[in-house]
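The values are calculated or read from the model by the stated rules, or taken from the named source; none is laboratory data. These numbers come from a predicted model, not from an experiment. Neighbour counts run over all protein chains shown; Cβ positions are idealised from the backbone, glycine included. Ligands, DNA and RNA are stripped out before the accessible areas are found, and what is left, the full protein with its side chains, is counted by its heavy atoms. Shrake-Rupley method; radii C 1.70, N 1.55, O 1.52, S 1.80 Å.
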Amino acid sequence: MLMATASLAARVEHAECSTARAFAEVAKTRHPDTLIAPLGGTAAVYGGPNAPYNKLAGLGFAELDEDVLTAVEREFDARQAPLQVEFSALADTRVATLLARRGYHLVNFEHVLGLELSRAAIDRAANEYARHQATGVSVRRMAASELRDWIDAVTIGFSVPDVFDGPPSHESYPRETLERVFDDVSRIPGLVQYVAHRNGVLAGGGSLRIIDGIAQLAGAATLSEHRRRGVQSALLRARLVDAAESGCDIAIVTTQPASKSQENVQRAGFSLLYARAIMVRQPAACDAIL
């Protein structure tokens with residue numbers, strides 16, 4: 001079982017920040033007010049109104065200059081955008097206390113789960129994927145010509161979330177926002193998309209990004225008519241095998257606590273590493289116009 005340490009959490013949070021920054025780099029072509037603001041060993045990211053990657057991940061693993069934080073908050077105020085901090089339970093708790101004092105409010109939690117990509121784990125994933133293939137479920141890397149179909153599948157899948165016995169997400173996005181984000185995925189270096197078929201019919205999709213030996217598994221969704229048929233499981237196993245073949249030593253998934261996604265990855269051997277507290281500061285009134 002993979003055990004969490006502060007060093008491992010810092011590595012994972014660095015990867016999370018890197019992906020948010022990559023999305024913001026793509027957003028620059030649409031939004032001239034896109035922001036990537038370094039602070040505390042990480043960066044705050046803004047890529048347009050209500051973008052899902054508008055966040056500050058990775059605080060608490062390096063010294064934080066409060067004056068720099070104030071300047072970043074003013075940038076978000078100028079954009080009339082909330083500043084969302086995703087704060088690891090293994091980070092310096094003094095930073096969380098500072099954030100609370102500055103008006104950041106706890107709105108939710110996320111769970112970060114990990115799997116060591118040992119030879120045994122990959123052999124098990126390959127064998128389980130072969131069993132899914134025998135039932136008519138297949139997964140492969142998306143071809144460029146399939147982008148529109150992939151976007152439609154994952155957008156629809158995310159728009160109809162599973163019901164589970166846990167706290168609901170604090171976030172929801174209209175279809176056009178999800179479509180734009182999933183379209184951006186194809187423009188991010190190192191981010192690979194996958195399509196899943198069941199009996200020859202497109203059933204879902206997912207993505208994989210490799211950063212410094214970490215395999216980030218994200219963007220996975222199954223169309224409702226294909227759920228409970230092994231599609232998510234096959235998507236997970238196929239990406240794990242690819243990640244190991246690419247030299248990754250660990251795979252990471254972020255889920256809503258107690259969700260079906262968490263249940264699926266724990267069944268596949270993932271361990272709960274830590275929780276992230278989601279803390280949000282609402283924008284102050286500001287006369288600046290960008």
Keeping every protein chain present and rolling a 1.4 Å probe, give me the accessible area per residue for the stretch 91-148 in Å². 58
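Under the rule a/c < 1.5 gives rounded, and otherwise a/b versus b/c splits prolate from oblate, where does the stretch 150-236 land using the Cα gyration tensor? Please list the in-between numbers first.
Values: a/c = 1.38, a/b = 1.15, b/c = 1.20.
Judged from the Cα gyration tensor, the stretch 150-236 comes out rounded (a/c under 1.5).
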Treating the beta-carbon of each Lys and Arg as +1 and of each Asp and Glu as -1, no other charges, what is the dipole magnitude of the chain about its Cα centre, to the nearest 20 debye? 820
Can you tell me which of 239-250, 165-176 comes out highest on packing, and rank the rest after it, using the mean Cβ neighbours within 10 Å? 239-250, 165-176
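If you roll a 1.4 Å probe over the heavy atoms of the protein chains, what accessible area per residue do you get for the stretch 165-290, in Å²?
On the way: 5490 Å² over 126 residues.
Heavy-atom accessible area per residue stands at 44 Å².
Over the chain, what is the relative contact order in percent, taking alpha-carbon pairs closer than 8 angstrom and at least six residues apart? Mind showing how you got there, number by number?
On the way: 541 pairs, mean separation 81.0, N = 290.
Computed over the chain, the figure is 28 percent.
How would you classify the stretch 44-109 from its alpha-carbon gyration tensor, with a ≥ b ≥ c the square roots of the eigenvalues: rounded for a/c under 1.5, else prolate if a/b is greater than b/c, otherwise oblate? Working shown, then result.
Working: a/c = 1.74, a/b = 1.38, b/c = 1.27.
In terms of gyration-tensor shape, prolate.
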A 1.4 Å probe over the protein heavy atoms gives the chain a carbon and sulfur accessible-area percentage of 52
Working from Cα positions, state the angle (0 to 90°, nearest 10) between the long axis of helix 119-134 and the longest principal axis of the chain. 60
DSSP beta bridges in the chain: the antiparallel percent, rounded to 5, is 90
Computed over the chain: longest principal axis from alpha-carbon atoms vs helix 66-78 long axis, angle to nearest 10 degrees, is 80
Report the accessible area of Lys28, computed with a 1.4 Å probe over the heavy atoms of all protein chains in place, in Å² rounded to the nearest 10. 100
Taking a virtual spin label 7 Å from the Cα of Val201 along the C-beta vector, which residues in the stretch 213-250 bring their backbone nitrogen under 16 Å of it? 222-232
Candidates [x] 17.9, 54; [y] 18.9, 62; [z] 18.8, 56; which is the computed Rg and Dmax of the Cα atoms in Å? [y]
Using all C-alpha to C-alpha distances in the stretch 137-290, build P(r) with 5 Å bins and read off the rounded percent in each one. 1, 8, 17, 20, 21, 16, 8, 4, 3, 2, 0, 0
If one takes the longest principal axis of the Cα atoms in the chain, at what angle in degrees, from 0 to 90 and to the nearest 10, does the Cα axis of helix 175-185 lie? 80
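First measure r as the distance between the Cβ atoms of Arg187 and Glu116, then evaluate 1/(1 + (r/R0)^6) with R0 = 22 Å and state the FRET efficiency to the nearest 0.05. Provide the component values of the computation, followed by the final result.
Details: r = 31 Å, r/R0 = 1.40.
The value I calculate is 0.10.
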